[in-house]
1. Identify, among Ile30, His53, Trp42, the residue whose Cα sits farthest towards the positive end of the charge dipole of region 21-81, taking +1 on the Cβ of Lys and Arg and -1 on the Cβ of Asp and Glu, with the dipole about the Cα centre.
2. Against the 2.2 N^0.38 Å scaling, with N counting residues, where does region 21-81 land? I'd like the Cα-based Rg ratio to two decimal places.
3. Under a point spin-label approximation (7 Å from Cα along Cα-to-Cβ), what is the Arg59-Asp73 distance to one decimal in nm?
4. What is the sum of charges around Leu52, taking Lys and Arg as +1, Asp and Glu as -1, for the other residues whose C-beta is under 10 Å from the C-beta of Leu52?
5. Give me, ordered by chain and number, the residues 5 or more places off Gly48 or on other chains with an amide H under 5 Å from its own placed amide H.
6. Could you compute the FRET efficiency for Asn16 and Lys40, with r as their C-beta to C-beta distance and R0 at 22 Å, rounded to 0.05?
7. In whole Hz, with x marking every Gly and Pro, tabulate ³J(HN,Hα) for region 36-49 from phi via Karplus 6.51 cos²θ - 1.76 cosθ + 1.60, θ = phi - 60°.
8. Arranged from highest to lowest average of other beta-carbon atoms within 10 Å per residue, in what order do the peptides 76-82, 26-32, 16-22 appear?
Amino acid sequence: MTAPQHQHPQTAPTLNAEDPLLSPEQVSQILGGIPVGSLKKWRTERQGPACLHIGRHVRYRRSAVEAWLQQKDDEGAVWMES
């Protein structure tokens with residue numbers, strides 16, 4: 001007799017109209033015209049905003065971009081205080 005196999009239900013990420021997925025071009029514009037190539041470089045170095053790979057497409061959650069910007073703003077404030 002074999003032991004029962006446990007299956008872990010995987011919860012699919014939900015899409016939220018208030019937290020849309022953005023293309024690299026849209027993120028570039030939000031970041032004040034940062035070149036799309038810079039976003040690509042940051043992805044390879046794991047330095048920019050968190051992204052999703054959907055098939056061969058790269059997308060960013062608006063909330064992730066905003067959180068990354070806030071983090072950079074906070075880091076700048078700490079640096080200015082020192």
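1. His53
2. This ratio for region 21-81 stands at 1.15.
3. Reported label-point gap for Arg59 and Asp73 is 2.6 nm.
4. Counting the neighbours of Leu52, the net charge comes to +2.
5. Arg43
6. Details: r = 26 Å, r/R0 = 1.17.
The computed FRET efficiency comes out at 0.30.
7. Each residue's phi maps through the Karplus curve to give 4, x, 5, 4, 4, 4, 4, 4, 5, 9, 6, 10, x, x Hz.
8. Top to bottom by mean Cβ count within 10 Å: 26-32, 16-22, 76-82.
Just so you know, all these numbers are worked out from the coordinates, no wet-lab data involved. Being a predicted model, the structure only gives us computed values, none of them experimental. Every residue, glycine among them, receives a Cβ derived from its backbone with ideal geometry; neighbour counts consider all protein chains shown.
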